[in-house]
2 protein chains.
Amino acid sequence: MAKAENSDGEKLVKAFHGAHHAHGRCVGRALSRADALCRQRGARLTTMRRRVLELIWDSHKAVKAYDLLDRLSDGEKPVRPPTVYRALEFLMAHGLVHRVDSLNAFVGCSGADADHNAQFLICQQCGDVSEMDGAAIGKAVARQAQLAGFTVRRQTVELHGECPRCTAS
Amino acid sequence: MAKAENSDGEKLVKAFHGAHHAHGRCVGRALSRADALCRQRGARLTTMRRRVLELIWDSHKAVKAYDLLDRLSDGEKPVRPPTVYRALEFLMAHGLVHRVDSLNAFVGCSGADADHNAQFLICQQCGDVSEMDGAAIGKAVARQAQLAGFTVRRQTVELHGECPRCTAS
DNA sequence: GAAAAAATGTTACTTTATAACAATGCATTT
DNA sequence: AAATGCATTGTTATAAAGTAACATTTTTTC
Ligand SMILES: [Zn+2]
Ligand SMILES: [Zn+2]
Ligand SMILES: [Zn+2]
Ligand SMILES: [Zn+2]
């Protein structure tokens, strides 16, 4: 995976994926990471939880809870909201999924660490969401807040704009 | 109003208000700013819109739309959701109010410019929300995004943590 | 296998927000 | 002032997002 380096010399994973990238790999990586992480923690990645995670990773767009619901339901056996929300709760608790507040929607975590404050780049054109684990932003933000005497515990950083692909075309 | 200065030498309005500050001034300032801005733009700050703005400025906490609804309604004449949401829409369009996505709630704008990307400091203890117009964050964020080839058009930056007052006590 | 714990199913409901159309208010022209 | 046009508010209904409480099933532990 390509890397860029910012002015602080910090490594930054390239955020956006090409249109025709081998997405199976993204999914595969996410699922095996989930498997490993859950095994290691003694948490149970049940069928339902795994299905939800797979559905979320179906694309790089943020997914609405009720869309998941629809996709999980077949005419005979409708799945109910609590089922999906519980799966999401589990996946979020384990850092496998993030909620994007400004969209009321969910994306798979592509970050490295289990617990992290991520920032999101959200393309207004194509809808793709990309996670940045730029510690630099986190620090800049925390430093600025500190000037106001504020201690940051959790941050929501969601940037809406244009991704490189959509800018190009 | 007290000022702090960050490492870039940039001015930063002191974010949090004391517990017993003269809040009438905050309200007064907000309302006259609204008056002036609307007059200047030929926009109509109607009674309903003004009432909503006043209610929002009742405190420095973020207010839920349905709380506004309750406070606007008296037993006889209930106010309906669209009324409140329309007032909020107007106030947001003119930069007099911001929506705090991570809270599904609204706060009065205490910023200077009409159109700006603000950051919010949200105290998890007392609920007070403070607006920072730290251009430094905006720039840091945009710069980092640029490394990923992303163009930022709108940013949601909401920091949850402890305000100075609550930290002190 | 029985008991306990965890996960899922089910019902009902709360909270947040919007669509569509009717009525009213306000401003300008005649 | 009456007529016209547009902006605002009222009203009804419904969509969208999320949760509480309890029943049932599955999995683990003893
Ligand atoms: Zn992919
Ligand atoms: Zn992540
Ligand atoms: Zn005040
Ligand atoms: Zn503002």
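Please compute how much accessible surface disappears when B pairs with A, both sides summed, using a 1.4 Å probe, and round it to the nearest 100 Å².
The contact between A and B buries close to 3300 Å².
Within the set of other residues whose C-beta is less than 11 Å from the C-beta of B:Gly28, count the net charge using Lys and Arg as +1 and Asp and Glu as -1.
+1
For the protein assembly as shown, give the magnitude of the charge dipole about the Cα centre (Cβ charges: +1 Lys/Arg, -1 Asp/Glu; no others), in debye to the nearest 20.
240 debye
Report, to the nearest 10°, how far helix B:135-147 tilts away from the longest principal axis of the Cα atoms in chain B, using its own Cα long axis and a range of 0 to 90°.
Between helix and principal axis, roughly 70 degrees.
Quantify, in whole percent, the carbon and sulfur part of the accessible surface of segment B:22-168 (1.4 Å probe; protein heavy atoms only).
C and S atoms contribute 48 percent here.
Between A:Lys64 and B:Ala43, what is the spin-label point distance in nm, taking each point 7 Å from the Cα along the Cα→C-beta axis?
Placing both labels 7 Å beyond Cα along the Cβ direction yields 2.8 nm.
So if I place +1 on the C-beta of Lys and Arg and -1 on the C-beta of Asp and Glu, and nothing else carries charge, what would the dipole magnitude of segment A:69-126 be about its Cα centre? I want it in debye, nearest 20.
140 debye
Excluding residues fewer than 8 places away in the same chain, name every one of the aspartates and glutamates whose C-alpha is closer than 16 Å to that of B:Lys61.
B:Asp101, B:Asp128, B:Glu131, B:Glu158, B:Glu162
Cut-off under 13 Å on the C-alpha distance; same-chain residues fewer than 8 positions from B:Lys139 excluded. Which aspartates and glutamates are left, in chain and number order?
Those aspartates and glutamates meeting the cut-off are B:Asp8, B:Glu10.
Might you tell me the accessible area per residue for chain B, computed with a 1.4 Å probe and given in Å²?
So chain B comes to 52 Å² accessible per residue, rounded to a whole number.
Normalising by the residue count of chain A, find the relative contact order in percent from Cα pairs under 8 Å and 6+ residues apart.
Worked out over chain A, it gives 20 percent.
In whole Hz, what ³J(HN,Hα) sequence does segment B:160-168 give by Karplus (6.51, -1.76, 1.60; θ = phi - 60°), x for Gly and Pro?
Each residue's phi maps through the Karplus curve to give 9, x, 10, 7, x, 4, 5, 5, 5 Hz.
The values are calculated or read from the model by the stated rules, or taken from the named source; none is laboratory data. Here the structure is a predicted model, which is why all the values come from computation and not from measurement. FYI the Cβ positions are ideal-geometry reconstructions off the backbone, even for glycines, and counts take in every protein chain you see. For accessibility, only protein heavy atoms count, side chains too; no ligands or nucleic acids. Shrake-Rupley method; radii C 1.70, N 1.55, O 1.52, S 1.80 Å.
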